[in-house]
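Please treat every number below as a calculation from the coordinates, not as lab data. Bear in mind that the values here come from a model prediction, so they are computed numbers and not experimental data. FYI the Cβ positions are ideal-geometry reconstructions off the backbone, even for glycines, and counts take in every protein chain you see.
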């Protein structure tokens, strides 16, 4: 299926697909067969691709459309309707700032601004090095611990502007440590 | 739909219709005009989304969309009460507040249904009362090989999506995004070989009430004409 | 697993007895048991770190104990919550237990039972001579726990806990007496839908039952109201109760298909429910020929994808069918023609959770709780500026004042209560003068609010009501599906007008526009999202018009919340020389040292986050907030070394 789709593209379009995306597409193609090929399973299929690969590449939507037998425009229409789906690769550390009622009353938007300032990106964007992505979410149901932020899959409670700094520093320190560890292993092995 | 014929009263006028028929076409057949944008005669399941066809029905607490209100014996309908007129006017003002209002350079000028409804409701096409909403989209979206789309003219009635879905061939139009960002999308038409077949159909461009969808070819000819006229105008006074 | 034989009630008795023994063994365990509240909120407060802290301390001190994860008690202010069952003591509930406190509990209490650490103790779960019990606190005394009775006390991932507490007894009885009897009980109980609208569940079921097709029952767990999280708690903390309710409802309408629709933002709820379904299947409480009754039912879990509007029944069905989650005009009603054209009943998590108790205790019992027209209890998530936020279950008919002041401890930090926002984005903001309003479906509607899904946000004098209206409108506008004109464009205009008012650019005639658009959106919208979206605007306009006027006419935000109309300055009289507390916390380096070595704020750089207010030591309390910004007094501030080039310029 993927082969046929790729063959139908212009050369310039084919060249625009990088190695990483191609790998994602190949995996999506092999994973699709675990789902019934019916339009009513579109959402579970898209959820699976989003959860596994972090975003929905255009050609993956084409694969899904062909697989369940609907038009690609419909698949895109569905995917863009729901908050959950992304069309660009996310950062390695996705940050979601809750702006539910309780978080709003307790200054959730100020927290969002602090992340924006600290990371130099706007809500909905990913940093150039793909390290962080930032988005706002409606209530995550942790209202009594407001304002709350989800970093990766961990919920951070009672976030303040200075805690924003702490969250980023913690990620940076962990990254630094991992890099050192790797270097040490490399020297040991080399 | 049953064969039974029932009598209803619309704005004081008694009319007959098959029981269960949608009220809007029944009224239109009897020369009672009710404005609408999203409704088409052949639809089994009208979306009732434009909300211009709201009417009052005796005994119901709220106005209902006549395009999908089934006719029942003895129903008493009002299409011109103050409340209904007000609601329609507000709905219309809301619709035009998102419109770019460039009627003179619009392909649908003089055949535009929004212009007709404006006349009927005695409403201006550019509302002063509300702020203009400039949706965050380009003037023209043309990533389809055959079609082009002007999102700032579109009223999102969905007729194009409906007629497209009734047709087997070609790229399938659909809504994309949500809320104020909703648009008609050509997504993937660049990687869909069927998109070229749209040249043989163009049903969506014909059904569009406001000229937001056109074939690229027709649009190019139209723009050339507009330019020509503008130049002639410029030359005349000199 | 070997299945018992006999009638459903007999079979359940066997299952219940086995579960009772298993749980009793645990209770009598010679090693202490540590139960940690591990619902999403507990985890956010650090419950997993607490568990790690216990594990580490137990190992380091060579103490033996079993750690179990339980759900949420609803006392969110006290998270992470830990219950310790130590032989010879009643079960003891502790609050705010981090890894450090966990270590202390292990060393002082768990090691040898010498010191039960009163400093962290809330109370005993059972009456006891030596310990205060939970009933000694107003929060527990005034609550009436029916639906949340077991939450936080049982292990949600162990079906035996639920069975031992009498779980699935209602199902067995229902299976013996038949679906029609269940339907009649629920109808007689007048159980009104807890999802917001309050339509009687039994009447809805009856409509579906009368349609001769395969019927579908769906549990609506697409809880999207920002500020409400009781559905999540029930799914996470007592999944079997919801499941039992769903099976009973399926039995009542004679459903052939059953589904949970749970929002994507609740991954833990999905995981726990999937486990619960598997466990129930294993014991033949689900699947083919349930408990030998001949009734067969399979239950699936469908994850929502993040769209608030999908809480609306017809949109939920669109989304289940693999479409954009857009509402459809009614009729046909889902109870007649819903999913795949089949009669479909959609009930809220709380509604279904109430069903087992009604079947177990009978409809007369249910009528003893609550009011005549709204029997039973209501669950609220009380959040915002309140002393004890969390989930509260009260009988219908108690007043808002009782709920806020008596049960939840009143407004935090002794500030004045200004408003209560009830019912989420479709609800309304009620002023203090309406605090005597009784909480039930009809009384709330009368004052322009609604029960909604039970979100209750307490607002104090520092909350701006215009900003609150803007926030809710922003939310509903963002979640509008975009289908119908009124909701799509109308709510957008509402939001834009409100936004301009909060930044001081509002015009007085726009108040009329707000009212006209609001009433039109309510009358003309296609679905209930649009029909209720303007409620926050209309109620704030009605009860807090003076605040709107202050913003428009004086460019002043009375609550000093709207940032464009507010400024911060440091009172040099109060500021302490040499103190740097505020400087370190300022995210934009807007605070500089003055010539007399005190601090001042550079208004150009200040983003008005308020962090310095919290950083300033309470004994100085020198940061002031004013609105409009022109009220900043001239204190003759000179930056340090201003003559020789200030710090700012370096």
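Taking a ≥ b ≥ c as the square roots of the eigenvalues of the Cα gyration tensor, the stretch C:566-649 is classed as rounded, since a/c falls below 1.5. Could you compute the FRET efficiency for residue C:5 and residue C:149, with r as their C-beta to C-beta distance and R0 at 25 Å, rounded to 0.05? Using R0 = 25 Å, I get an efficiency of 0.20. Taking a ≥ b ≥ c as the square roots of the eigenvalues of the Cα gyration tensor, the stretch C:71-206 is prolate, since a/c reaches 1.5 or more and a/b is larger than b/c. Hey, with R₀ at 25 Å, roughly what FRET efficiency would residue A:170 and residue C:605 work out to, going by the Cβ-Cβ distance, to 0.05? Calculated value: 0.40.
How do the peptides B:78-87, C:297-306 rank, highest first, by the average count of neighbouring beta carbon atoms within 10 Å per residue? Provide the component values of the computation, followed by the final result.
Values: B:78-87: 15.6, C:297-306: 19.6.
Result, highest mean Cβ count within 10 Å first: C:297-306, B:78-87.
For the stretch B:1-149, relative contact order (Cα pairs under 8 Å, six or more residues apart, normalised by length) works out to 20 percent. Centre-to-centre separation between the Cα atoms of the stretch C:480-519 and those of the stretch A:119-165: 29 Å. When shorter helices are ignored and each DSSP H run of at least 4 residues is given -39500 (n - 2.57), the per-residue value for chain C at 222 nm works out to -10500 deg cm²/dmol.
With a cut-off of 19 Å on the backbone N, the residues of the stretch C:549-574 near the modelled label site 7 Å out from residue C:630 along Cα-Cβ are C:549-569.
How shielded is C:473-485 by partner chains, expressed as the average number of their Cβ atoms within 10 Å of its Cβ atoms? Working shown, then result.
Values: counts 0, 2, 6, 1, 2, 8, 4, 4, 6, 11, 12, 9, 15.
If you average over the peptide's residues, the count of other-chain Cβ atoms is 6.
Annotation for residue A:188 and residue C:436: the two label points, set 7 Å from Cα along the Cα-Cβ direction, are 7.5 nm apart.
Give, as ranges by residue number, the residues of the stretch C:254-287 whose backbone N falls under 13 Å from the point 7 Å along Cα→Cβ of residue C:14. Hits in the stretch C:254-287 for residue C:14 at 13 Å: C:283-285. Residue by residue along A:35-47, Cβ atoms of other protein chains within 10 Å of the local Cβ number 3 on average.
For residue C:288 and residue C:445 in the same chain, what is the full-extension length gain: residue separation times 0.36 nm, less their Cα-Cα distance, in nm?
Here the segment from residue C:288 to residue C:445 would lengthen by 52.2 nm.
Taking a ≥ b ≥ c as the square roots of the eigenvalues of the Cα gyration tensor, the stretch C:466-553 is prolate, since a/c reaches 1.5 or more and a/b is larger than b/c.
Using a 10 Å cut-off on Cβ atoms, rank the peptides B:156-164, C:564-572, A:125-133 from the highest mean neighbour count down. Walk me through the numbers on the way to the answer.
On the way: B:156-164: 23.1, C:564-572: 19.9, A:125-133: 15.8.
The peptides rank, most packed first, as B:156-164, C:564-572, A:125-133.
The simple spin-label model puts a point 7 Å past each Cα toward its Cβ; for residue B:41 and residue A:3 those points are separated by 5.2 nm. Inter-chain Cβ neighbour count for A:81-89, averaged per residue, equals 6 (cutoff 10 Å, partner chain atoms only).
Here the relative contact order of chain C, from alpha carbon pairs under 8 Å that lie six or more residues apart, stands at 11 percent.
Let me have the relative contact order for the stretch C:49-110, percent, based on Cα pairs under 8 Å that are six or more residues apart. Working shown, then result.
Details: 61 pairs, mean separation 29.0, N = 62.
Relative contact order for the stretch C:49-110 comes out at 47 percent.
Note on residue B:233/residue B:199: beta-carbon distance plugged into 1/(1 + (r/R0)^6) with R0 of 35 Å gives a FRET efficiency of 0.60. Model label sites at residue C:52 and residue B:226, defined 7 Å from Cα along the beta-carbon direction, differ in position by 6.2 nm.
Could you sort B:182-188, B:18-24 so that the peptide with the highest average Cβ count within 10 Å comes first and the rest follow in order? Let's see the in-between values first.
Numbers: B:182-188: 24.1, B:18-24: 18.7.
In descending order of packing, they fall as B:182-188, B:18-24.
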